[in-house]
Structures are given as C-alpha cells and as structure tokens.
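Heads up: the structure comes next, in structure tokens.
Values in this text are rule-based calculations from the coordinates and carry no lab data. Note that the structure is a prediction, hence the values are computed from the model and not measured. So basically every Cβ, Gly included, is an ideal-geometry build from the backbone, and we count neighbours across all protein chains shown.
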There are 2 protein chains.
Amino acid sequence: MSDFSFVGKPTPMIDGPAKITGNLKYTGDLKLSGMLHARFVLSTYAHATIRSIDCGAALAVPGVSSVLTAEDLPKVVPSSRARLMLARDRVIFVGQPVAIVLAETPAAAADGAELVEIDYDPLSSVNTMDAAVAKGAPVIWPQGIPTGAEDEAAHGADTGGESESEDEEPSNIAGKTQLATGDCAAAFAQAAVVVERTFETPMVHQSSIETQGWVVQPNPITGGATMWGSLQSPFGVRQDVADVLGVPESDVTVYGMPVGGAFGAKFGLYEPLVALVAATVGKPVSLILTRSEELLTTNPAPALRLYGKLGFASDGQLLAMQADVTADTGVYPSGLGGFAAMQFASFYPCENLSLASTNVITNKQSVGAYRAPTSPTAFMAVETLFDEAAAQLGMDPVDLRLKNAARSGDPAPDGSEFAPIGMVETLEAAKQHPLWQNRESSRNQGRGVGVAIGGWMGGLEPGAAVCKLNRDGVLQVQIGTADLSGTPTTFAMLAAEAYGVAPDKVRFVYSDTDSAPYGGGVGGSKTTYTLGNAVIRAAQDARRQTFAIAAEEFEVSAEDLEIVDGRVQVRGFPDRSLSLGELAGKAMTFGGRYEPVHGSGSQAVTDRAPSFCAQIAEVEVDEETGDVNLLNLAVVQEVGRAINPLAVQGQMQGGAVQGVGWALFEEMRYGDDGQLLSGSWMDYAMPDAVQAAPIHTQIVEVPSRSGPFGARGVGEPPVIPTVAAIANAVAHATGVRMTQTPMTAPRVLEALSSR
Amino acid sequence: MSDFSFVGKPTPMIDGPAKITGNLKYTGDLKLSGMLHARFVLSTYAHATIRSIDCGAALAVPGVSSVLTAEDLPKVVPSSRARLMLARDRVIFVGQPVAIVLAETPAAAADGAELVEIDYDPLSSVNTMDAAVAKGAPVIWPQGIPTGAEDEAAHGADTGGESESEDEEPSNIAGKTQLATGDCAAAFAQAAVVVERTFETPMVHQSSIETQGWVVQPNPITGGATMWGSLQSPFGVRQDVADVLGVPESDVTVYGMPVGGAFGAKFGLYEPLVALVAATVGKPVSLILTRSEELLTTNPAPALRLYGKLGFASDGQLLAMQADVTADTGVYPSGLGGFAAMQFASFYPCENLSLASTNVITNKQSVGAYRAPTSPTAFMAVETLFDEAAAQLGMDPVDLRLKNAARSGDPAPDGSEFAPIGMVETLEAAKQHPLWQNRESSRNQGRGVGVAIGGWMGGLEPGAAVCKLNRDGVLQVQIGTADLSGTPTTFAMLAAEAYGVAPDKVRFVYSDTDSAPYGGGVGGSKTTYTLGNAVIRAAQDARRQTFAIAAEEFEVSAEDLEIVDGRVQVRGFPDRSLSLGELAGKAMTFGGRYEPVHGSGSQAVTDRAPSFCAQIAEVEVDEETGDVNLLNLAVVQEVGRAINPLAVQGQMQGGAVQGVGWALFEEMRYGDDGQLLSGSWMDYAMPDAVQAAPIHTQIVEVPSRSGPFGARGVGEPPVIPTVAAIANAVAHATGVRMTQTPMTAPRVLEALSSR
C-alpha cells in the first residue's frame, strides 16, 4: 500500500514519443545562419615532432574556407585536457587534433582534412604503464606534468587519500596516493585466511550512440559565445569555455541539448577549442565527431592494474584490506587510481587498511569518467577475493559478505558514519533470488552461478528548480541540468505528487545556462537524489502561492482548501472551486491583482545516500574454446524509493549490459606503436541484445534519509558488480579465477589450460 | 543630492553596441533547418466575392513548395482579428491575406505570390465612418459583428464606460458607450464660457523600422509549436497560438526576439495563422512582412471624430465636459472610441460629464493600439478647447489648466482617488520654461507658441523576476517580457542598486515563455513601473541568500556583513571578505553545501501612477502656403523618478517626434474604393530629423507611491500633447484653430483663407 498518487507507478518517458519518432532535435541537427562545418586532422603518431603542416591542397577544395593550426590560435597553457588546443610543435598521442578544417559542408570539410599534409619526425613513445615507468623511458611532459587538479575537482571525481609530492626528477608518474589505517601487516599475520591477486582491466570506451558534438556562435561584442552541445554539465562547460576565451562566465551561454548517451564522457572536452576556433574565424562553427574520431580522441576509462589482498579471521571477520593500484591515464593525469583503491575498501568496514595508487601517463588519449569510474575493476577485485575466501573459510559467499557488510552507523570512507543504507537488505534479497537458490542444480548441469555486490557513495551538488503554473492548469518545471536517463519524467512525477496534479499536467522545460536555475553536472548518481528535493520544494512553493490566490478569491483560509481533479476547492464545498488554470489566469493578465505563481526551490543536500546493487550471473563455459556464454543475469538493486520503476529498471538493465561489456567484450586495444587497433565499432566489441542475456531486475527499497520520498541515486551501481559476478560464475563453473577483462575465449582458454 | 549609487545616473543602453554593430539577431535573421519562406497574396479589393483561385502558375515557380488557401486550413471562427485566417469565399478589405505561398527562398515565394490568380466579383464597400452608417450601406458582417472583446481585454485596452446592447438589425455599428454623471445640460446652461468643436484624426500607422515577422517550428508530437517573433507580448501570443492550434498554451513556446520598434502594433496579429500554416505543411515557416504589407495589412490607429464641449464659470472653474466620439476601426470592432472619450475627461476632475462613443466598422484593415491609444486626438480636443476658453476668459492658458488640474485625492476616472500625481508640478514647470516665458516676443516675430498637457493613467500587470549570482560575481536578471525601450538597462540598474554591485556586473537574460518568469505584455507604460518592483525584490532576495552563505563562512550574523567593491566583508574587518564570485562558487560546485543564489521576486502592483507630459511648441506659419514650420518643441515630463535619465529622455524625444508626425505629417489615406493611397514610405509621410525640430527635454520628478524608487511609466505621455501644443501654437501665430490632422499646408491654407 502506497500513500502516493503517482510516485512508484511505472511511467513511460514523457519525451519518448519525440525521441522514437525522430522529432527531438540533437546537436547534429542544428544549423545556424552562416555556420561552418569543422573536421579535425588527427595525429597519426603517438609521439612525434611536427616539422611542417601544408594546408595548400586542403584550401583548394571547393567549399573549404580555412584550415587552422596552432599558429592561428592564441596560446593556451595546456594545463588540463580541456585546455589542450591544437598540437603545437609536437604530438603526444595518436588521435590528437593537429589542425581543423572549416568548410561550408561536412563533405568539403572531410575532403579538406584528408588533404592536409603534416610532416612528422617520429619520437619513441610509451604505450603501457610498464613502459611508462621503465628506466630510461621517454618522458612525455619534460617540463612537468599538468596538474589538472582543479579541472577534475570541478568534474566531480573524488580522488581520495592525500596526494604526495613528487620527486623532482621528470617522469611519467603523475601522482601517487597512500592511505593507511591500523596495522595491516599485523592483521594479515594473524588472519586465518589471506587471499590476494592482481587484476587488470583495459581502457574501456563509453561509446554512446550519439558521438560528441558542439555548435558555437561567437559573440564579437562581448568576446563570449553561445554553445549548443551534447553535454553532461552545461554549467561546467560554461566555465571552461569562458576561461579559455578570457571572458566572465556570464558572457557564455550554454544550451545543454538532448543527450544521446554520455556515461561520463561528456563532462567537457573540445568545447573551449571549438569556441576558440569560432571566435577566431568570427562565424558559427559545428563540429560533430565521427565514430572513428569518437574512439580515437575522446576520454575512455583508464586501464587499471589492482593488486588486492584480504585477510579474514576463521569466523569470516574481515581483518585487513590492502590494495595497490596502478592506473594508465593516457597523456593527461587523473586521480582515478586513488579512487579505485578507495572503492575497493569502502563498503566492508575494516580497521586495517593499506591503500596505495600510482597514476601513470602514457602516449595514449587521456581518460575520463565512465559510469561508476574504476568501480568495475575495484569490485572485480574485492568481490572475487571475497568469493575465494568464502570457499577457503567454508562459508556461503553471501553470508561472508553479510557478516562484513557496512551497516548504518559504521564508519564510511569519507570519514562520516554511514546513513541508513541497504547493503544487508540487498544481499539478503540476492540470497533469496531463485538464480542463487538454484546454483547447485545449475552447477550440476555444467553451468556456474556467481554473485557479487557493488556499492556507490553517491554524488552531491547544490541546485535549484522553478515551478510555474500556466493558464491551462499546467505546471512548468525547470531545472538547469541535462537529461541522461529520463529524469524529466521523474521530476514531473515529483512535481505532480508535491503539487497535487496529474503528471500529464506537468511540462518539463529545457533551457540554457542563462535561463535555467543552477543544476550542476549530471553524474555520480545524484540528479534525482539531490535536485528532486529542489523540484519538490518548488512545487510546494507553487502550491502555496496557488492557495494564496484561491484563499483570497474564496475569502477563506488556505488551510481550508484542497486540490481535486485540477481544481482548488473549499473543503466540503465542491461548488466553491476554480480550476488551476483560472487561478493562474487571474495573475497572468493585464490589471491582475495577484502575483504570478512562480515557485522556487533549492537544495544543498550534504547527506550521502550510498546505494548497492547485487548481481547473480549464470554462465556456461565452453571448455574447448573458452567461450563464456552468459545465460542469466539477476540485478538486485536497493534504490531507496523507485520514483519511476520503469526508469529505475531501465537504468538497472542498461548498467548491467555495460557491465557485461566490461566483463566479456570491451577493450581499447593499442599496438606497440600506440595505434588504436579497436578504432571502429567493427573492432571494438560491445554486447548485442542476445549476448547481454536475459536480465532479471529486482528492486529493493530502504528509504534514504534525505532523498526525495526516500529515493537514492540509481545510475552507477548496476554497472559495478557485473564483472565480478560473471568472474565468480566462471570460477563456479570451471574452478578458474579470471583476473583480466574482457574474459574473452582465448583468455579463458588459457586460464583453463593452466588449471 | 541622491542617496543612490546608480539610479538616476545617465547610463547608455547595455545592448547598444550589439545593436549598432548589427550583431544582435532579429527575427528576420533566423534560419531553421528546412525552413520555408512565406509570402502573402493580398486582396486587391475592399469587398468582393472570391470566385476562384488558380495556384498553378505559382506552383510552377522553381523553389515554390506549396500555395495554401483557406481550403487547405482548418476552419477557424474569425471572432477576432488574430483569428482571421486566409480569406474564405470573400474579402473585406484591401490587403487581406487570401493565399500564402511557401518556398525555399524569399525570392521564389515573392515570384509565386505574383502568379497566384484570384478571380474576384467586386461588391460595394464602405470606406468611411459616414458611409458605414449611411442608410442602405452594405453590411460588412451580415451574420453579426465579431465581438473580439476578450481579445482586446487581453491586450490591455481599457474600453471604459458600459457597452450598450445593440439593435437587432445588422449594421456596421460595432458598439456604443455612454457615460453621464451630474447634469451636463444644466451646467452648460449656467456656464460663463462654453467652447465646442469637432476634431478629426485619420488612421495613423505605427511604422516601426522593423516590420512584423515570425518564424514557427511546428511540433508534430504535441501539435504545438515554437515561435520566434518581434512581439510585445510573448505570453499573449502563446495563448493566441495555442487557442488556434487547439493545444494547451504550455505546448507552445514563444521567443520574444529583439524588437525593432512596436508602438502598440505588435500585440498579436498573424501568429496563429503562421502557426497553422507551419503545422499544415509540417515544416518551419518564416514570414517577414515587406514594408508594403506592413502598411496594407496590419493594425494602425483608428480614425477618430471627436465632438468636444467644455463649460467654465467666469473664474475659470470647469463646470461640464461633453465628448461624443466616432471611431472608424476598420473591419474588426474595437473599444477605442470609448477609450478616447474617457481620455478626454480623465484629468480635469468635473462633476458633470457626458461621454458617448460609437465604434463603426468599415472595409479597411482593422485597427489596434498605437502608443497612448486615441490620446493624441482626445488631448487635441480638450487642450485646444482649454486654450480657446482661456482666451475667452481672459486667463493665462496655463493658469486655467492649473486651476482645474487633477490633484492627489481627486476622483480618478477609474473610480478610485488619484494617488500622488504631478500634473500641477508639470504645468508649473512648463510655465517657467523659457519657450513659454518668451511666447510674446516669439509672437512679435510672427511666430506662435502653444502649450498643452497630456495625461496617462498607466497600465498594471503582475509579473515576476529572477536574479542569479554567478561564479564571476555577475548577477543575471531574468524577466519574461519584451524590450521596446531599453528596459534591460533600467532593470540592470535597479538590480545593481538593490543588490549592491555595479551595473556592469549585471547581465540581462532574454528567454522564452517556457524559461522566463511571467512578464505580461509591454504596453501601457507599465514595464518599469510594475516589473521594476519584481526585479528589485529578486535582487534583494539574491542579496539575502548571498549574505546567508557569507554569514556561515565567516560565522557572523548576516547583519554584520556588507558588500564593498564586489566583495562581502565583515563590517569593520576588510580582511575578512570573499568576492561575490567566490561565494557563488561555494554553492555551484560538486559537493557544495550551500544552496545556489537564485533570487525570486514578484509583484502585483494595483496602485496606478498617472503621469503627465506638457509640451510647448513654437511654430512659424507660412501664410502664403499654409506650411507649418516647427521651430522648437519643449517636452516637460513628470516621471516620478528617472531611473535612467538617458532612457527617459530617449522616450520623451521619441514620443514627441511621433507626436509631430501626428500633428503635421502622418495619414493613412484611402481612396473611395478603399485602396490605400499612402502604401509606401514614399507616400506615407513621417517627420525626418530636421522636420522634428529641436526637442528640449525637461524631467520633473514627483515620486510615485508604488513604483521602483518612485518611478512612473514614461512611454506613453510624450506622444499625447504634441498635436494640441502645435495646434495651439498655430492658433497663437495665426488666430485659426486647426481641428483636423495632419495639419498639412493645404489644410492650414484653407483654414487661413476662411478667417
């Protein structure tokens, strides 16, 4: 029994019809008057000096209006990836933009880009984390590695631990972190069971259906610009662009366009460069990446190597956790290694911790966020080790987790105490799941069943919302953030519930950074959790204002009013009522004597609501080929409150499918010369609908303390435990422990052969 | 000595540079992907049956994609002018749209429009108010004249008085009003001096530099649309368009684009038609009127005939006022005749009133609002009669006005008491003006000096505003109304004053009806007066929120804080300070613990602030040709508080120049067959910079009770008294009373010859 009118009811996405009929306009659909189409000329070397660039043939292509190189742009210190303009004097990764061709048509730009002649003098490069730290390795940034720290903080990555100051000697080590509590050595020494392994995951690409793209209109009066783009953080991009253009951020306007997939990749990349190019030529410019460019020159997840070690008492009590992470972050530094170590140790409270990370740079494209950054790797490690330890302890793997799982009040990794959380409830639900209950009969059929859990602390960011009432009785709800996962529908439901109208009387307004209330970036599974509160408050404010008008019209107290079927009526007097539209109209008219209904709501939630997803994978392993066939995947997720169960299930399914990609298919593979070998969707393998297997979603609800109606963030958790669940299922089926992804047939076959 | 930091300081328009460099984009600059250009085919007859329309030749023009006639559009009851779609079966005025040609280029559309063959069967038409009411006149709307009442109310015209129910017999009389108080007959009988005359003014066209124009993107999913246009009332247009499309207004989005002049004409006209056309063809459509179309098919001021009569006691006390107005409103009815009668009698309180009006329709384009609708005519009458009476009473003309002028507490025409007003102060200032003081020496040089005053009650409409603080320390101010007269600069100054930053740290945000707070239409001299309060409240709310963040940061009470040079500091401790941008940034960041600074403010001012403008004209009349040469024009206006004196003076000058046009140049002249004879700017005469003569502005300030910092509306008053002042100057110079505008040389010569 629910007390809610709308919350909790499966509700189709309100913009679904516009999306599936092709009527929604994306960035690539935009045409501005006089707009030029841009095409990059990308470096074909991982490391080389640029001897010369000949643009003559490109400029001769009909329709090409200009070809810009670094010489044509103001010098910008490349202190962060978003501040790396066109290559100047040398290139440091394959796919680095060296020149940009501007033309009247996309075809002319592409033709021109093919004809730009760049004369390179190749240099030796480092393309793996081992090569990068080898003695005598070429140093990528001899003048010092850019810190990029501010940049990353702005984009929401909690780097965890303390950064140590580096040696003076130039190297490719971009940073190390170290965190130690208790006495790990002593704890391991007294442990009954110690398990340890080294895990490796490659760079993995977010690969949205929509590639990254931007359109910029320069403003010659202010020096600022207006930008349209497929973006996770319009307000973040506004600042990045303003910084490079050298104007206050208020002179830059950013329209967050509908996003055709982002997954962490669209927090900001080429916006400042495109803006600078447009300002330089004084015309609107459109740059829509091709699929090949998307794979060559964006920001996939880092490659990680994680040595993990756990020590348990004989009763299963976790005594010590150790992780040592090395991250290959491409040409720019990133704090993601430290974050991986934190994630490894976050949700099984333990007094004795030793967490270290080393972030290494290589001559490859730089890395960025990918849904639950580093967590598939961190949980592959901790959940594989838990599984192994359970076997050695002779315990049920779920029971071992339950014994050590974080509970409300336990110390959380950020130094606080865990708020009410549902890790235990999630594990209990997984334990009862038929797929888990039937694991022995599955095993008897030659299959394997594995379980794993993943946790996510959840992001936080202040934000505001506006809620207006129109003369048609419709509420217009406005927030300043992008939509990656159907949040407009969720927000419409929250507004409907809080105000007291049906969700079909709510319209969601997309707008730009000038017009919208501040909304922050979309990431960290925080949008509904945080902004949902602002929307509810704005709707409540609008309701209060509506009642104030009605109270004066009916000469009663606002407490005596109620909303019934879109009308405000005096309680007990249904004939004394006015429709919401009529009430709005009394303020929205010449000579009206009421203030328009314009509700505002803000939030600055500081209380994290960690959320958990357990998954149970059933696999079949072909022992002759090593092929892992995923038969079933149960996704059990604790979401606090499923505002819109359809949207929550969509997130659970989508995350799990990406998890399957991590586990079995996806890898950015580079040649020894730093060339990307998986540079198209023919080569970069992602699971299709059949390969992703039937996904069985199960929602668990343990209301959060501060989320809207108890909701928690749901976006990140479902991608986290998939790798581990499948690896544990493979172990259950075959007895071998996979420690490297993707678990392709050759790798599994090799593991099987070394049994 | 002013207590203000910014209010009252002459401040150039903040968007001036963008305007004068051509960088501001107007509606005609917009190009949407796949957009079709539209061109009307206009009726060449004032009244005719349409026998047939042949679109074949037009459709054969390369680039023409379709030609629509009434048959292609859904039937819409033409109950108001904005609901008149393409002519169906008959035309009722020259210039009525009969078909619309859609093409890939404007040139192809124009070529196509010339080739549409319409076979008409001409009917007899009525083209003057006398012909319309003559016995046996053809009846324009045999089924009954559309009321259009709601429509007009929405656009802000107070029709005044009570409408009488009409005879049952169909006629061209669209409505009559009658208002009588006291006993006029008796008062006139006992008056020492009675003056009476009949005045006539023709249709006058608003003639903005930018013609009317619209771009519409239909939305096939919702049935709604997005519209861009040069508009005075984006929210009004939203409703008009939604009504005709048959969708809730929330499914229509209207962008009020920069407006290149409006003056009352842009409250809504072809928006519903263009939206319906775009929906019908399923593509974006742009219709930008040509100058000829602008003159033929829009909505000029009505032609008016006003019989006025005043009776005075021998001491100059006004005893009785009578007005009988006939208005020629073209093919659609309008309540403007009644409004003219009210304006005649509004500002000289008098117990005995007899006010009547008859609104007549004719086979001409319909009429609309023009800056201070009907007031140039109403004040030509009352101020000429005052001038004449003063002569007969042997009183100074200004003294006679002063004796009878409305004062605070006097009964106002809307039934209330006048709030604090400055009619007396305005007259006193005019009296002291050198141009007036030197009138006898001017007379001795063969010139004439005339004075007149005009009053305007001022419009009211609720509205809201938003004020955000950005990380660069800039305030973004957002309202939902159009800019006709530089209000963004004024609002920026109000926000700066209320918040405590410099005006150059304020940005004004233009947005659409979805994103913007409700702002209502721009008209009635109400924008600064009403919305200024909302802006101030929003800025104060933002200041309060900023101080709340700073108070927590510094652990002091908000009362102990102040803003100095863009920094919030603890009073007396300049080293304990944070910049506004830093404070904003603490809320606008991942993990921030403060709510973003998002101030809201609303207003529903119900207190009118009437404002007055007196003008003194000095003329030279060539008695041989009748040519009136305007030598000087003093504009003395009471504005409550001149927030931005530059903008106020601009309004005073612009209004006076239009007044000069009314007085001496402008006339929509029609032939007997209803053909417009002044259909281009070669034929429709407007004053140039030399003809408008030197204009000397003088600001008087009598603070209003409810306006922002005491401001009153300033837009309408300066156009009101110019005709009367010039007519009185002509009388002073020549002894003849002109009663018809424009006072062209032939008319003046005729009057001189009948002395």
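For Cα pairs less than 8 Å apart in space and 6+ apart in sequence, what is the mean separation divided by the residue count of segment B:645-741, i.e. the relative contact order in percent?
Working: 89 pairs, mean separation 36.1, N = 97.
Once normalised by length, the contact order is 37 percent.
Could you pull out the trypsin sites (Lys or Arg not before Pro) across segment A:599-702 that fall in loop regions by DSSP (anything but H, G, I, E, B) with no more than 15 other Cβ atoms inside 10 Å?
Passing both the DSSP loop test and the Cβ count: A:Arg669.
For segment B:695-709, take each phi angle, set θ = phi - 60°, evaluate the Karplus expression 6.51 cos²θ - 1.76 cosθ + 1.60, and give the result in whole Hz per residue in order, putting x for glycine and proline.
10, 10, 8, 9, 9, 10, 10, 10, x, 6, 6, 10, x, x, 6
List, shortest first and in nm to one decimal, how far the label point of A:Val690 (7 Å from Cα along Cα→Cβ) is from its counterparts in the other copies.
8.7
Tell me the relative contact order for chain B as a rounded percent, counting alpha carbon contacts under 8 Å between residues six or more apart.
15 percent
What ranking, highest mean first, results for peptides B:620-626, A:514-520 when packing means the other Cβ atoms within 10 Å averaged over each residue?
A:514-520, B:620-626
List residues of segment B:481-507, by number, whose backbone nitrogen lies under 18 Å from a label position 7 Å along Cα→C-beta of B:Leu24.
Once the point is set 7 Å along Cα→Cβ of B:Leu24, B:481-494, B:504, B:506-507 turn out to lie under 18 Å by backbone N, inside segment B:481-507.
Of A:Lys75, A:Lys19, how do they rank once you tally other Cβ atoms within 10 Å and put the fewest first?
Listed from fewest to most nearby Cβ atoms, that is A:Lys75, A:Lys19.
Please report, in debye to the nearest 20, how large the charge dipole of chain A is about its Cα centre when each Lys and Arg carries +1 at its beta carbon and each Asp and Glu carries -1 there. Walk me through the intermediate numbers first.
Numbers: 50 positive and 85 negative charges, 239 e Å.
That gives a dipole near 1140 debye.
Sticking with the crude label model, points 7 Å out along Cα→Cβ, report the distance from A:Glu582 to B:Asp688 in nm, one decimal please.
Once both label points are built, they end up 5.9 nm from each other.
Compute the FRET efficiency between B:Ser5 and A:Thr606 as 1/(1 + (r/R0)^6), taking r as their Cβ-Cβ distance and R0 = 41 Å, and round to the nearest 0.05.
That gives a FRET efficiency of 0.65.
Run lengths n ≥ 4 of DSSP H only: what is the helix-derived mean residue ellipticity at 222 nm for the protein assembly as shown, with -39500 (n - 2.57) per run over all residues, to the nearest 500?
-8000 deg cm²/dmol
Along the positive direction of the dipole of the protein assembly as shown (beta-carbon charges: Lys, Arg +1; Asp, Glu -1; about the Cα centre), which of A:Val736, A:Ile536, B:Ile616 reaches farthest?
Going by the charge dipole, the pick is A:Ile536.
Per-residue Cβ counts within 10 Å, from other chains only, averaged over A:630-639: what number is that?
Across A:630-639, the average partner-chain Cβ count within 10 Å equals 0.
Out of A:Ser511, A:Ala550, A:Tyr499, whose Cα points farthest toward the positive end of the dipole of segment A:460-603 (charges: +1 Lys, Arg; -1 Asp, Glu; placed on Cβ)?
After comparing all options, I get A:Ser511.
Going by amide H atoms built from the backbone, whose H comes under 5 Å of the H on A:Asn632, apart from near neighbours?
Distant-sequence amide H within range of A:Asn632: A:Glu618.
Under 12 Å from the Cα of A:Lys505, which aspartates and glutamates turn up, not counting those fewer than eight places away in the same chain?
Filter leaves A:Asp472, A:Glu497, A:Asp565, B:Glu249, B:Asp251.
Can you list the copy-to-copy distances for A:Leu123, using a point 7 angstrom from Cα toward Cβ, in nanometres, shortest first?
Spacings between copies for this position, smallest first, are 8.6 nm.
Name the residues whose placed amide hydrogens come within less than 5 Å of the amide hydrogen of A:Ala320, ignoring near sequence neighbours (fewer than 5 apart) on the same chain.
Amide H neighbours of A:Ala320: A:Gly311.
Counting only DSSP beta bridges with both residues in the protein assembly as shown, what percent are antiparallel, rounded to the nearest 5?
80 percent
At a Förster distance of 30 Å, what's the computed FRET efficiency of A:Ser314 paired with A:Thr198, Cβ-Cβ distance as r, to 0.05?
0.70
Based only on other Cβ atoms within 10 Å, what is the fewest-to-most ordering of B:Asp627, A:Asp683? Display every interim value, and only then the final one.
Values: B:Asp627 17, A:Asp683 13.
Fewest to most other Cβ atoms nearby, the residues stand as A:Asp683, B:Asp627.
Kirkwood Rh over alpha-carbon pairs of the protein assembly as shown, then Stokes-Einstein at 37 °C and 0.692 mPa s: what D in µm² s⁻¹, rounded to an integer?
Reported coefficient: 92 µm²/s.
Applying the Karplus parametrisation 6.51 cos²θ - 1.76 cosθ + 1.60 with θ = phi - 60° to the phi angles of segment B:538-546, what ³J(HN,Hα) value in whole Hz is obtained for each residue in order, glycine and proline being reported as x?
Ordered by residue, 3J(HN,Hα) equals 5, 5, 5, 5, 5, 5, 4, 5, 4 Hz.
By counting other Cβ atoms within 10 Å of each Cβ, how are A:Trp228, A:Trp436 ranked from fewest to most?
Result, fewest neighbours first: A:Trp436, A:Trp228.
Shortest first and in nm with one decimal, please list how far the B:Arg571 label point sits from its counterparts in the other copies (point 7 Å along Cα→Cβ).
Reported distances to equivalent positions: 4.5 nm.
Classify chain A: rounded, prolate or oblate, from the alpha-carbon gyration tensor (a ≥ b ≥ c, eigenvalue square roots; a/c under 1.5 rounded; otherwise prolate if a/b is larger than b/c)? Please list the in-between numbers first.
Working: a/c = 1.89, a/b = 1.09, b/c = 1.73.
Oblate shape, in that a/c is at least 1.5 and b/c is the bigger or equal ratio.
Spelling out what I want: for every residue of segment A:344-349, take phi, set θ = phi - 60°, compute 6.51 cos²θ - 1.76 cosθ + 1.60 (Karplus), and round to whole Hz; glycine and proline get x.
Computed from phi, the couplings for segment A:344-349 are 4, 10, 7, 10, 10, x Hz.
For segment B:238-391, just say rounded, prolate or oblate: build the C-alpha gyration tensor, square-root its eigenvalues into a ≥ b ≥ c, call rounded for a/c under 1.5, and beyond that prolate if a/b exceeds b/c, oblate if not.
Prolate, since a/c reaches 1.5 and a/b exceeds b/c.
For segment A:460-603, calculate the relative contact order in percent as a whole number, restricting contacts to Cα pairs under 8 Å that are 6 or more residues apart.
35 percent
Using modelled backbone amide H atoms (1.01 Å from N, in-plane), which distant-in-sequence or interchain residues come within less than 5 Å of A:Val254's amide H?
Amide H neighbours of A:Val254: A:Met227, A:Thr513, A:Asp514.
Roughly how big is segment A:194-304's charge dipole about its Cα centre, with Cβ charges of +1 (Lys, Arg) and -1 (Asp, Glu), in debye to the nearest 20? Don't jump to the answer; show the numbers that get you there.
On the way: 5 positive and 10 negative charges, 41 e Å.
Dipole magnitude for segment A:194-304 comes out near 200 debye.
Using the beta-carbon distance between A:Glu750 and A:Arg705 and R0 = 56 Å, what value does 1/(1 + (r/R0)^6) give for FRET efficiency, to the nearest 0.05?
Plugging the Cβ-Cβ distance into 1/(1 + (r/R0)^6) gives 0.70.
Enumerate the aspartates and glutamates that B:Lys309 could reach by cross-link, defined here as Cα to Cα under 16 Å, with residues fewer than 8 away along the same chain left out.
Cα-Cα hits under 16 Å: B:Asp183, B:Glu196, B:Glu200, B:Asp324, B:Glu351, B:Glu383, B:Asp387, B:Glu388.
About the Cα centre, and with charges only on the beta carbon of Lys, Arg (+1) and Asp, Glu (-1), how big is the dipole of segment A:460-603? Nearest 20 debye, please.
Numbers: 13 positive and 18 negative charges, 22 e Å.
Approximately 100 debye in magnitude.
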